[in-house]
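Read through the structure below, which is laid out as structure tokens, and then see the notes.
The values are calculated or read from the model by the stated rules, or taken from the named source; none is laboratory data. All values reported here derive from a predicted model rather than from experimental measurement. FYI the Cβ positions are ideal-geometry reconstructions off the backbone, even for glycines, and counts take in every protein chain you see. These accessible areas exclude ligands, DNA and RNA; they are computed on the full protein's heavy atoms, side chains included. Shrake-Rupley method; radii C 1.70, N 1.55, O 1.52, S 1.80 Å.
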Amino acid sequence: MVPQNPTPDDFDWQAREAEVLDLNDARTRRTNTAPTAGGGGTSAPTSDTHFEVTLDDVPQVGGAPVDVPPSRPDGRRDIVPSNWSNWPNIKTSLRNAATLTGYRAGFHGLRAPWYTAQALFWAIIGVFRLVGRHITWWWVSEQYGLRQAAADTNDPAMWLKLHREVKATRMWRGLVLAGELLAVAIGAPILYAMAPTWVLAVALVAVVALLARIGRPVDRRIITPATVAGRFRRVNPDIILRAYYAAGLGRPDKDTQQVTFGSTMARDASGTGSQVSIDLPYGKTFDDAVKARGAIASGLDVAVSQVFITRDPSSHRRHTLWVADRDPLAQGAGRTPLLRCKPTDIWQPAPFGLDERGNKVTVDLMWTSMLIGAQPRQGKTFAARTLALYGALDPYVKLTVLDGGGKPDWRKFALVADRCSFGLAMTRDGDPAEIVLETLREIKADVQDRYERLSALPVDVCPEGKLTREIARNPKYNMPVRLVILDEFQEYFDLGDISKEIASLLVYLVKVAPAAGVIFVDATQRPSGVGTGQVAQQFISYRDNHQVRFALRTGSWQVSDLVMGSGAYSEGHDSSTLLPTYKGVGILRGASDHTPTARTYLADHEDAEKILIAARKLREQAGTLTGMAAGEQAVREVRDVLADARTVIHAGENGLTWARLAARLAEQMPEHYADMTAETISAQLRALNVRSVNVKDSGQVLKGAKTADIDAAITRRKAA
């Protein structure tokens, strides 16, 4: 009776009817098996369920080797290896070999005295062991058991025969040993007297090395290896099938529910792991395999961080399983390639890092907005700064940096940023919150103006009615690509009444601005949100309108889903499973069809400063240094809101509601109050000690300001 939901414990892996499998015969049967109806593998043997059948080296029908051996188009491999095929490669190979040789020479040179002392010690012991071996060989001690057996069975004839043989053997071996001893006794003095010094030195080293090898224990090496090659678990098809069946991805006792292979098991091109193409049973999907990744890792007896499953575009039930020899995420991606300080192009993908297999990961910044979320100190700011540095090296990109946390990581961007704000504390430039608000207002006005001007351009200049590289780089149109960086942006949603307008502007821009060539890269450590009411809802709307998501380590799968978007966890993507020791490692979703686990490039404070100094020089040469970086003061005319409010109150009016007051300010002074709302004007006047009281307006009683209270506030300010 086969159980309904079999588990590995339901099968007798050892017995299986005590069958002894002939692998050669099994391989023959396997090769001759007809393909299945789906073409994704071969039909399974019908005699019994056993895994050894899959140990053949012949790819199944419909499959292909995972890594095709490198060859020319005609199928012939290069006679000369690529690393020796041309002079640059030869120089690199020689340099690498010389570096390794020099390292080994230094390593062993430092330890040479200790090696010598050990060799002499074990050589002395080796002399006694060598003498003991000769005596044992001469005495023919291995025959003692035979003579004792003859004596025990009372067989004197056999005992005498053996005794005569051992005497003859001892005689012969004694003569051999005597000749050996005589040769050493005579040859050694002659060699010492006649041979050159270097020959004596070589002979002494050879003899000591031989005796030391004989004398040392088997587990004690005299010379310590300078480099150590890793030793890894060998993954074979048997283990893979065991893992997949244990994970519930198939049933080995049913032909239609068996897991098959689309290729042979092979090492990947980098030599850092093993991979194979897997065909799941009909009805099982790639998503099922991703969800069962942890169970597959358990079945393979490796860490989950060593198992990676990649989609196969040819079939939704097929995927590539890659098992790394060691945890690939524990090794950093290295320094950023931007350290070359060469000009970049925002219209080209930005280098972001390496994936789990060492492949380069890039991000297309144009037309997108990107959200980066993580717990504190997991590399969130470094990830955002990597993309900001890429934008900085393009001299035609207008850069805005708004850091709600006030960390030193962004301070040097003042060298190139058109607008920048750090922290929330008052500075000589003014209130950072006001700077952020005015900057966002200016960006909104720019976006709206761009849409109007793009729609008016002729078709031959603007074919699709959208920004092009030529338009963005032509000073005539004044529409450069803008990159806006917001780090710890949750702080701007928790500033009181001013946050209402900031939140409204951010939601508008994240929805509309990317299509106008305004890119947003936003980072936060609180993706769950801040505040209450309308601001909290706007935070969620702002967070959820990012197309590209990068989640470093988070506290739970729920928070991971907030960063990467709804459904990420159900697809098997959970950044809370990343280890705390991983820095700058996260899951990148939405940047491509694949969702890699990326290790971001490193650009520390010194690297960033070097890149930004070079970026400033590029902008000076191109004549694109603007705003604060060019020494311009932000255009922030300080308005007397009390005087402006009093101006719009007509003679005879005892007061106005907040909504009516905001509308009049926007109508009469649109250059300053175009975006004024009832909540904003209320907050500003109440901050100046103007009460919010009931005011009649068209027969309704609503909250507003009395004319007398505004006059009293103006009088108090003059008296002060």
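General observations
- Between the Cα long axis of helix 156-194 and the first principal axis of the chain there is an angle of about 70°, rounded to the nearest 10.
- Secondary structure note: in the chain, about 60% of the DSSP beta bridges are antiparallel.
- Computing Rg and the Kirkwood Rh from the Cα coordinates of the chain gives a ratio, Rg/Rh, of 1.18.
- For the range 576-709, the ratio of Cα radius of gyration to the globular rule of thumb 2.2 N^0.38 Å stands at 1.83.
- Considering helices alone, the calculated mean residue ellipticity of the chain at 222 nm is -13000 deg cm²/dmol, with DSSP H runs of length four and up weighted by -39500 (n - 2.57) and normalised per residue.
- Nearest 10 degrees, 0 to 90: helix 237-246 Cα axis against the chain principal axis: 50 degrees
- The slack in the chain from T647 to A708, taken as 0.36 nm per residue of separation less the alpha-carbon distance, amounts to 20.6 nm.
- Three principal axis lengths of the range 342-478 [C-alpha, angstrom, descending]: 49, 47, 26
- Rounded accessible area of K706 (nearest 10 Å², 1.4 Å probe): 70 Å²
- What the Kirkwood sum gives for the range 572-641 is a hydrodynamic radius of 16.7 Å, with every pair of different alpha carbons counted.
- Positive dipole terminus of the range 648-720, leading residue within T677, S692, H650 (C-beta point charges): S692
- Of the residues S274, S314, S141, ranked by 1.4 Å probe accessible area with the largest first, the sequence reads S314, S141, S274.
- Over all pairs of different C-alpha atoms, the range 220-291 has a mean inverse distance whose reciprocal, the Kirkwood radius, equals 14.7 Å.
- Electrostatic dipole magnitude of the chain [Cβ: Lys, Arg +1; Asp, Glu -1; Cα centre; debye, to 20]: 2440 debye
- Accessible area per residue for the chain, computed on protein heavy atoms with a 1.4 Å probe, is 54 Å².
- Among the listed pairs K360/K511; K291/K380; K91/K583; K398/K610; K444/K718; K342/K583, those beyond 31 Å (Cα-Cα): K91/K583; K444/K718
- Once you divide the Cα radius of gyration of the range 486-613 by 2.2 N^0.38 Å, the number left is 1.13.
- Model label sites at Q700 and L181, defined 7 Å from Cα along the beta-carbon direction, differ in position by 12.4 nm.
- Convex hull of alpha carbon positions in the range 217-356: directionally averaged projected area 13.7 nm².
- Using a probe of 1.4 Å on the protein chains alone, the accessible area found for F352 is around 0 Å².
- 0 to 90° range, to nearest 10: angle between helix 707-719 axis and the chain longest Cα axis: 80 degrees
- Cut-off 19 Å, label 7 Å out along Cα→Cβ of V127, residues of the range 197-215 by amide N: 200-215
- The modelled label-to-label distance between T224 and W114, using points 7 Å beyond Cα along the C-beta direction, is 0.4 nm.
- 20 Å Cα-Cα reach of K696 towards aspartates and glutamates, excluding residues that sit fewer than 8 places from it in its own chain: E653, E679, D709, D711
- Here the dipole of the range 415-496 is about 480 debye; that uses its Cα centre as origin and unit charges on the Cβ of Lys and Arg (positive) and Asp and Glu (negative).
- Neighbourhood net charge (12 Å Cβ-Cβ; Lys/Arg +1, Asp/Glu -1) for W139: +3
- Largest to smallest accessible area among R311, R441 [probe 1.4 Å]: R311, R441
- Extreme residue, positive dipole direction of the range 589-720, given options A712, A615, A603 (C-beta unit charges): A712
- Rounded accessible area of V416 (nearest 10 Å², 1.4 Å probe): 0 Å²
- Surface composition of the chain: carbon and sulfur atoms hold 56% of the protein heavy-atom accessible area at a 1.4 Å probe.
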